[in-house]
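Below: the structure, in structure tokens.
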Amino acid sequence: MNEQGRLAGRVALVAGATRGAGRAIAVQLGAEGATVYVTGRTTRERRSEVGRPETIEETAELVTAAGGRGVAVPTDHLEREQVRALTERVDREQGRLDVLVNDIWGGEHLIDFGKKMWEIGLDRGLRMLRLGVESHLVTSHYALPLLIRRPGGLLVEITDGTAETNKDYRESLYYDLTKYAPLRMALGLGTELEEYGCTAVAVTPGFLRSEQMLDHFGVTEENWRDGVAKEPAFAISESPVFVGRAVAALAADPEMARWNGQSLSSGQLSRVYGFTDADGTRPDAWRYIEEVTKGGRKADDAEYR
């Protein structure tokens, strides 16, 4: 254990930590010395509907290797009794919860861009809302009573896009609703948590090079720039490490309450806290998308790093 880390002695629950942002957040919290409970539906014995090979056991091992203590707990966050049992276990084993990260998702296979709402299968659309919205509400319902026992607790709602960028329609109604809801959760729960000395925020990565996204572009983390030929905006993409460091910096900030209820991005937080992505850069994907992709500005991605 990293007993000198900024989060030594703290306990975190990263709900939806099988891969991508959730895994990286869990690992970075561990690197700061935290005990991190990691949850998800894919284990070494069983895969979720997403069908990918990454497991929560691997995530827990990465947390421990980084300097924390990783605890894998298989959990379907739409199953209330599983979530209740999870939070009761954290309480029984630790007696506290300092950081709750709601990163539950797993709905990429349900996205239907370019279709009208009524052209999308109703079951598909409602399943997306359950995966990306209801799961967050269920988790918060059971975990927040443990979080508020001590001042200084942090709730992080992970989403796609800031409040500013999500003012524009996200091309598919169900996806739009799913990714806007966590912004409102952070605002509303920030108001409710404030009297307990706790903080709620929404955090978004930029163009995330998750395992699934790398596979989509047919590249690896080593040669990811080859994906720019397929999608120019991929030039401003970031590794999951970046958002992981963003959440770890927030959790370690004794003045985190200044962010309460706000929508934040990894690029924005990097300028405040001074961390970088794994390659030493500070990609600002949302500004690049606004000014270059949408605005037509001629600029090299290096200007946004």
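The values are calculated or read from the model by the stated rules, or taken from the named source; none is laboratory data. Computed from a predicted model, the values in this text were never measured in an experiment. All Cβ positions, even for glycine, are placed from backbone atoms using ideal geometry, and neighbour counts span all protein chains on display. Accessible surface is based on the protein model in full, side chains and every heavy atom, while ligands, DNA and RNA are left aside. Shrake-Rupley method; radii C 1.70, N 1.55, O 1.52, S 1.80 Å.
Looking at THR162, is it within 25 Å of ARG287 (Cα to Cα), assigned to a helix (DSSP H, G or I) and of a type in the set (Ser, Thr, Tyr)? For THR162, the condition - within 25 Å of ARG287 (Cα to Cα), assigned to a helix (DSSP H, G or I) and of a type in the set (Ser, Thr, Tyr) - is not met. Looking only at residues of the range 36-69 that are within 24 Å of GLY9 (Cα to Cα) and polar (S, T, N, Q), we find that the one that is surrounded by the fewest Cβ atoms within 10 Å (Cβ to Cβ) is THR64. Restricting the search to the range 252-297, which residues are in a loop (DSSP other than H, G, I, E, B), open to solvent by 60 Å² or more (accessible area, probe 1.4 Å), touching a helix residue (DSSP H, G or I) at 6+ places or on another chain (Cβ under 8 Å) and under 21 Å from GLU231 (Cα atoms)? Hits for the range 252-297 are ARG282, ARG297.
Take the conditions (1) under 14 Å from the mean Cα position of the chain (by Cα); (2) surrounded by fewer than 20 Cβ atoms within 10 Å (Cβ to Cβ); VAL247 misses just one of them, which is (2). For the range 63-81, give me each residue that is within 17 Å of the chain's Cα centre (by Cα) and either within 22 Å of GLU108 (Cβ to Cβ) or basic (Lys, Arg) (or both). THR75, ASP76, HIS77 - these are the residues of the range 63-81 that are within 17 Å of the chain's Cα centre (by Cα) and either within 22 Å of GLU108 (Cβ to Cβ) or basic (Lys, Arg) (or both).
Would you confirm whether any residue within the range 207-228 is out of contact with any Leu (no Cβ under 6 Å at 6 or more places or on another chain), among the basic types (Lys, Arg) and not in a helix (DSSP H, G or I)? Within the range 207-228, one or more residues are out of contact with any Leu (no Cβ under 6 Å at 6 or more places or on another chain), among the basic types (Lys, Arg) and not in a helix (DSSP H, G or I).
Close contacts from the range 282-303, counting a first residue that is over 21 Å from ARG245 (Cβ atoms) and a second that is assigned to a loop (DSSP other than H, G, I, E, B) and hydrophobic (A, V, I, L, M, F, W, C), with Cβ to Cβ under 7 Å and a gap of 6+ residues or different chains, come to VAL292/ALA299.
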